[in-house]
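What follows is one structure encoded as structure tokens, with my remarks underneath.
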Amino acid sequence: MDIASREAQREALFVQLVSAYRREDYQEIEEAMAFDVVLELPGHSTEAGEHLGAEAVARFVTGMRKHFVAARGPITFEHDGRDLVVSQIGQLFASEDRELIVSLRITFDDRERIERVRVEADDLDAFDSAMPGLLEAADRERDWAVG
């Protein structure tokens, strides 16, 4: 497969997974991830660091869905080797007065399954302040359970 086709396939997969999440099709999401997928959260909060498994990824995505509001502009896609970087400008409820860019750096393995999701934020203070409430909201909902 040529590079342009692989990049288009990865972007299409991301859009497909967003749709699957909205439909609560967690099996489809889990099948797109490597068994040992790693979520990497930035910052200095107690939640910062690496978290293992599809459930950790789903928990974070659920929290973001509840606490991140797109402020302006479209989602952008960039490609960097094995990585697809998906970015959007928005606001987190804990920092309503500040816009920030949140990016997901999604790394694919040799089988084109997601092996790492690294979260990047241009304002780590705002991101850190939002993390406890973001994950607590996801824990209250518990609709993210996969497996």
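The values are calculated or read from the model by the stated rules, or taken from the named source; none is laboratory data. Bear in mind that the values here come from a model prediction, so they are computed numbers and not experimental data. All Cβ positions, glycine included, derive from the backbone under ideal geometry; neighbour counts span all protein chains shown.
Looking only at residues in region 94-146 that are more than 13 Å from Arg59 (Cα to Cα) and at pLDDT below 70, the one that is surrounded by the fewest Cβ atoms within 10 Å (Cβ to Cβ) is Asp97.
Please go through region 9-33 and pick out each residue that is surrounded by fewer than 16 Cβ atoms within 10 Å (Cβ to Cβ) and closer than 18 Å to Leu104 by Cβ.
Residues of region 9-33 that are surrounded by fewer than 16 Cβ atoms within 10 Å (Cβ to Cβ), as a first pass: 9, 11-12, 15-16, 18-19, 22-25, 27-28, 31.
Matches in region 9-33: Gln9, Glu11, Ala12, Val15, Gln16, Val18, Ser19, Arg22, Glu28.
Against the numbered list (1) under 22 Å from Glu136 (Cα atoms); (2) surrounded by fewer than 17 Cβ atoms within 10 Å (Cβ to Cβ); (3) under 15 Å from the mean Cα position of the chain (by Cα), Thr46 comes up short only at (3).
Within region 28-57, take every residue that is small (Gly, Ala, Ser) and in contact with a helix residue (DSSP H, G or I) (Cβ under 7 Å, 6 or more places away or on another chain) and give me the one that is modelled with the highest pLDDT. Spell out how you get there, then give the answer.
Step one: list which residues in region 28-57 are small (Gly, Ala, Ser), which gives 32, 34, 43, 45, 48-49, 53-54, 56.
Then drop every residue that is not in contact with a helix residue (DSSP H, G or I) (Cβ under 7 Å, 6 or more places away or on another chain), which leaves 32, 43, 45, 54.
Numbers: Ala32: 95, Gly43: 88, Ser45: 82, Ala54: 87.
Filtering region 28-57 for residues that are small (Gly, Ala, Ser) and in contact with a helix residue (DSSP H, G or I) (Cβ under 7 Å, 6 or more places away or on another chain), the one modelled with the highest pLDDT comes out as Ala32.
Pick from region 62-93 the residues that are modelled with pLDDT of 80 or more and not in a strand (DSSP E or B): which of them is surrounded by the most Cβ atoms within 10 Å (Cβ to Cβ)? Please lay out each step first, then the result.
Residues of region 62-93 modelled with pLDDT of 80 or more: 74-89.
Going one step further and asking which of them are not in a strand (DSSP E or B), we end up with 81-82.
Working: Gly81: 8, Arg82: 15.
Per the criteria, the residue is Arg82.
Restricted to region 1-16, and to residues there that are under 17 Å from the mean Cα position of the chain (by Cα) and more than 22 Å from Phe127 (Cβ to Cβ), the residue that is modelled with the lowest pLDDT is Val15.
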